[in-house]
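Take a look at the structure below.
The values are calculated or read from the model by the stated rules, or taken from the named source; none is laboratory data. In this text the structure is predicted, and so the values were computed from the model without any measurement. Cβ coordinates were reconstructed from backbone atoms using ideal geometry, including for glycine residues, and neighbour counts include every protein chain displayed.
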Amino acid sequence: RHAKSIASHFSYYLRPCFAETEALKNESFKIRHGVYCDELKFEEPRQSGLETDEFDDHAYHCLIQHKSRGTYAGTVRVIYSSSEDQILPIEKYCQSAIGNEHLQPSRFERQRIAEISRLAVPAEFRRRSVDKHQGAA
């Protein structure tokens, strides 16, 4: 019941879209830069204002557009792997964190695995005007 309410609320205000053009991908990269570089200081700021990495070339990029404003309220990417040389970030940076041997990405066909990453929502969409605390969502 609540899920239907949330879904209808989401659909009323927001529209998901694939970032299929370079212009839309750059919108995604700008949001990521704002969140990961400027706000969270997770990555070093880039002069271009675009946060990108080696995995973007083999990823699907998605945006969430605020319908009435026409601005983007968030982004996420899904990294795919179609060959042995296209590793996932978890394989490069966190391989040892996967304790269960059966869940290691290397145990699956490359075409059957993917990783969701770089979820980013600008602060203006994470915090409502009624939220007074920096950590409030």
Output for the range 53-89, where each listed residue is under 18 Å from SER117 (Cβ atoms) and among the polar types (S, T, N, Q): THR75, SER81, SER82, GLN86
Selection from the range 21-52 of residues surrounded by fewer than 17 Cβ atoms within 10 Å (Cβ to Cβ) and either among the hydrophobic types (A, V, I, L, M, F, W, C) or in contact with a Cys (Cβ under 8 Å, 6 or more places away or on another chain) (or both) yields ALA23, LEU40, PHE42, GLU43, GLU44, PRO45, ARG46
Could you tell me whether the range 10-20 includes any residue that is in a helix (DSSP H, G or I) and not hydroxyl-bearing (Ser, Thr, Tyr)? yes
Among the residues of the range 70-79, is any surrounded by 16 or more Cβ atoms within 10 Å (Cβ to Cβ), basic (Lys, Arg) and touching a residue at least 24 places away in the same chain (Cβ under 8 Å)? yes
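Going residue by residue through the range 5-12, is there one that turns out to be farther than 23 Å from PHE125 by Cβ, modelled with pLDDT under 95 and β-branched (Val, Ile, Thr)? Show your work before the answer.
Taking the range 5-12 and keeping what is farther than 23 Å from PHE125 by Cβ, we get none.
Taking every residue of the range 5-12 in turn, none turns out to be farther than 23 Å from PHE125 by Cβ, modelled with pLDDT under 95 and β-branched (Val, Ile, Thr).
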Residue pairs meeting the criteria (Cβ under 9 Å; at least 6 apart or on separate chains; first free of Cβ contacts under 8 Å to residues at least 60 places away in the same chain, in the range 31-49; second among the hydrophobic types (A, V, I, L, M, F, W, C) and part of a loop (DSSP other than H, G, I, E, B)): HIS33/LEU50
Kindly provide the set of residues from the range 91-122 that are surrounded by 12 or more Cβ atoms within 10 Å (Cβ to Cβ), of a type in the set (A, V, I, L, M, F, W, C) and out of contact with any strand residue (DSSP E or B) (no Cβ under 6 Å at 6 or more places or on another chain), ordered by number. ILE98, PHE108, ILE113
Matching option when the condition is surrounded by fewer than 16 Cβ atoms within 10 Å (Cβ to Cβ), within 14 Å of the chain's Cα centre (by Cα) and among the hydrophobic types (A, V, I, L, M, F, W, C), among PHE55, PHE10, PHE18: PHE18
Long-range neighbours under 8 Å by Cβ, at least six apart or interchain, first residue under 17 Å from ASP53 (Cβ atoms) within the range 83-105, second surrounded by 10 or more Cβ atoms within 10 Å (Cβ to Cβ) and hydrophobic (A, V, I, L, M, F, W, C): LEU88/PHE55; LEU88/ILE79; LEU88/ILE113; LEU88/ALA114; PRO89/PHE55; PRO89/ILE79; ILE90/ILE98
